[in-house]
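The values are calculated or read from the model by the stated rules, or taken from the named source; none is laboratory data. Please read these numbers as outputs of a predicted model, since none were measured by experiment. Here Cβ is always computed from backbone atoms with ideal geometry, including for glycine, and neighbour counts include all displayed protein chains. Keep in mind that these areas ignore ligands, DNA and RNA; they rest on the heavy atoms of the full protein, side chains included. Shrake-Rupley method; radii C 1.70, N 1.55, O 1.52, S 1.80 Å.
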Amino acid sequence: MDTERQVPDHTEIDNSVSGGAFHGPVVQAGSVTGGVHTHYAQPAHSSLPPVSEWPQLGTADPIDLGVRRTRRLPGETPLPPYVERDCDRSLGARVREAVASGGLVVVTGAPLSGKTRTAWAALFSNLSGATRVFAPPPGTDLRDLPALLRGRGDQGCVLWLDGLEGHLGERGLTPTVLAELVRLRVPVLATMDDEAYDARRFGAEARAGVLSGVEPVELERKWSDGERGRLNGLREDPRLGDAYARPGVFGDVHTVPEYLALGPELMEEWRRARRPSAHPRGYLLVRVAIDLARCGASEVGLSGELLRRGQDLYPKELAAAATESFKEGLGWATGLRYGLTGLLTPDRRSGRWKAFKSLWVDVEARPDSPPVPLGMWRFAVDAMPLTRLSTARRGVAAKADSVLGPQAEGDPDFMFMLGDICAAGLQHKRAENWYRKAADTGHAEAAAATGDRLISRGAEVEAIPYLEQAAEAGIAEAQYRLARVLTGRAHGWLVRSAKAGHPAAARMLPALREADLSPYTVKE
């Protein structure tokens, strides 16, 4: 009896390999010499998409694969230009080595330090655009991946694991799976926060294997002079220009990636906070600071008292904010996000609060943003510290003139209000211009203000008709000023008449000299 076991050709055997190397059918085939060899088909039960469905690097969307979006206004690209980091050279060498022989490359750094964008730039710069990119969501079972990749042919592939800590474990990137990927020369590029890396490499959660022997590429949080210089060369992009100019962006406050990444998050959180069940008071307080900055007072901090006064400029929103106290709203608005910043940030010098810069920049740039309340412009001028009268107030008044000017034309009350804003902002010529325009339409208060402006620069004769207009409208102050101007001019003419020998003029002069008529007296 023939006791030799016959193994028929193409017999499928269910084979589960310990450690997660592969879990799919192994096809055995007898050779012409009677030996047996194996090849691997795509696992029939695998939930992983076939390689042909993976996006190609040249057309993949980095935002879909984990790169945080930045502020994007109409006409701007999805992401600003990439600013080269000091670690790019060493990271690129690691990636090229992994492409040639397989292996894991890990980029570590603080939260929002730019790890994912830096890793993506290295991938994009060192691999072919035809490379297939597999970016599974956290928790994906990766045990069938090596078997899947064995049938890829000559197609270049890369495994992209943004947030590697979400892909570890017995069903994720195990040492066995990684070893198989190395054998298949499939590079693995991953990112991890510093704390997550340390916990899994050295802490109580440490697991030997995947991270052992892998030296991470560390991305420094604080930018070097070289990185700052390269950013300076890309300031034509408004987002990078704003980041470069942001106070504290190169110090201990926050970094360029943090500034760029936080903006959209803060904007979305602020926008949704206006709901009655969320933080309507906090929303309102942030809007006060945003609109103050939109008026040109972005560097002016708001005290708690100013925030209370500012919210009164929004009666509708203030009524809706009754469900949340001022203290609760301020606490929400100033609370740290990601341990870095709040929607309202503290001014180190004054201890006051300002809106995070990207918030007001975005609101100002969007055409659908609500206009700044008219009262906010005067509020912004009055909020200026006295030490900055010569610069900050002038800036707000000049911006008010530019923004509100087209709306003011033809509206006497609006023109008069704009004159007041310019006057408070020390824009004297602009103030006189708006007062005069309003007065010429018959606005009595504007006529009085025009007369005062003309008197202040020595144009008493030109002031008289405006003062008369206001005086006839019953404005007592204008009546008084008109009397002083006319009396002063009378004094001047009496002096000239007396010098010419007119006796009645000489008799009248002593009585007029006893009155304090300055500065309206014509010089003798």
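In terms of its C-alpha gyration tensor, segment 215-356 has a prolate overall shape, because the principal axis ratio a/c (a ≥ b ≥ c, square roots of the eigenvalues) is not below 1.5 and a/b outweighs b/c.
For an R0 of 35 angstrom, estimate the FRET efficiency from the Cβ-Cβ distance between Ala506 and Tyr480 and round to the nearest 0.05. Calculated value: 0.80. In this view, the solvent-accessible surface of Thr116, computed with a 1.4 Å probe and all protein chains in place, comes to about 20 Å². Surface composition of segment 339-449: carbon plus sulfur atoms hold 53% of the accessible area, using a 1.4 angstrom probe and ignoring ligands, DNA and RNA. Amide H contacts under 5 Å for Glu218: Thr108, restricted to partners 5 or more places along the chain or on a different chain, H placed in the peptide plane at 1.01 Å from N.
Phi angles across segment 137-145 convert, under the Karplus curve 6.51 cos²θ - 1.76 cosθ + 1.60 with θ = phi - 60°, into 3J(HN,Hα) values of x, x, x, 5, 6, 9, 5, 8, 4 Hz, Gly and Pro given as x. Once both labels are positioned 7 Å from their Cα atoms along Cα-to-Cβ, the gap between Glu462 and Val403 label points is 3.0 nm. In this rough spin-label picture, where each label sits 7 Å from Cα along the Cβ direction, the Asp413-Leu374 distance is 0.6 nm. Packing, taken as the mean count of other beta carbons within 10 Å per residue, orders the peptides 492-503, 269-280 from highest to lowest as 269-280, 492-503. If the segment from Glu215 to Ser325 were pulled out straight at 0.36 nm per residue, it would be longer than the present Cα-Cα gap by 34.5 nm. Per-residue SASA remark: Asp64, around 120 Å² accessible (1.4 Å probe; ligands, DNA and RNA not included). Cross-link partners for Lys222 among the lysines, with Cα-Cα distance under 25 Å and sequence neighbours closer than 8 places in the same chain left out: Lys115, Lys354, Lys357.
Share of carbon and sulfur in the accessible area of segment 132-235 stands at 44%, probe radius 1.4 Å. Taking label points 7 Å from Cα along the Cα-to-Cβ direction, Arg69 and Ser101 give a separation of 4.2 nm.
Averaging the Cα positions of each part gives two centres, and for segment 451-476 and segment 284-314 these lie 36 Å apart.
Under the classification rounded if a/c is under 1.5, otherwise prolate if a/b is larger than b/c and oblate if not, where does segment 148-248 fall, given a ≥ b ≥ c as square roots of the Cα gyration tensor eigenvalues? Oblate, because a/c is 1.5 or more while a/b does not exceed b/c.
Taking a ≥ b ≥ c as the square roots of the eigenvalues of the Cα gyration tensor, segment 372-467 is oblate, since a/c reaches 1.5 or more and a/b is not larger than b/c.
Under the convention that each Lys and Arg Cβ holds +1 and each Asp and Glu Cβ holds -1, the size of the dipole of segment 133-186 around its Cα centre is about 240 debye.
Report the calculated FRET efficiency for Asp440 and Glu76 (r = Cβ-Cβ distance, R0 = 41 Å), to the nearest 0.05.
Between Asp440 and Glu76 the formula returns 0.40.
Taking each residue as 0.36 nm, the span from Arg366 to Glu305 lengthens on full extension beyond its C-alpha to C-alpha distance by 19.0 nm.
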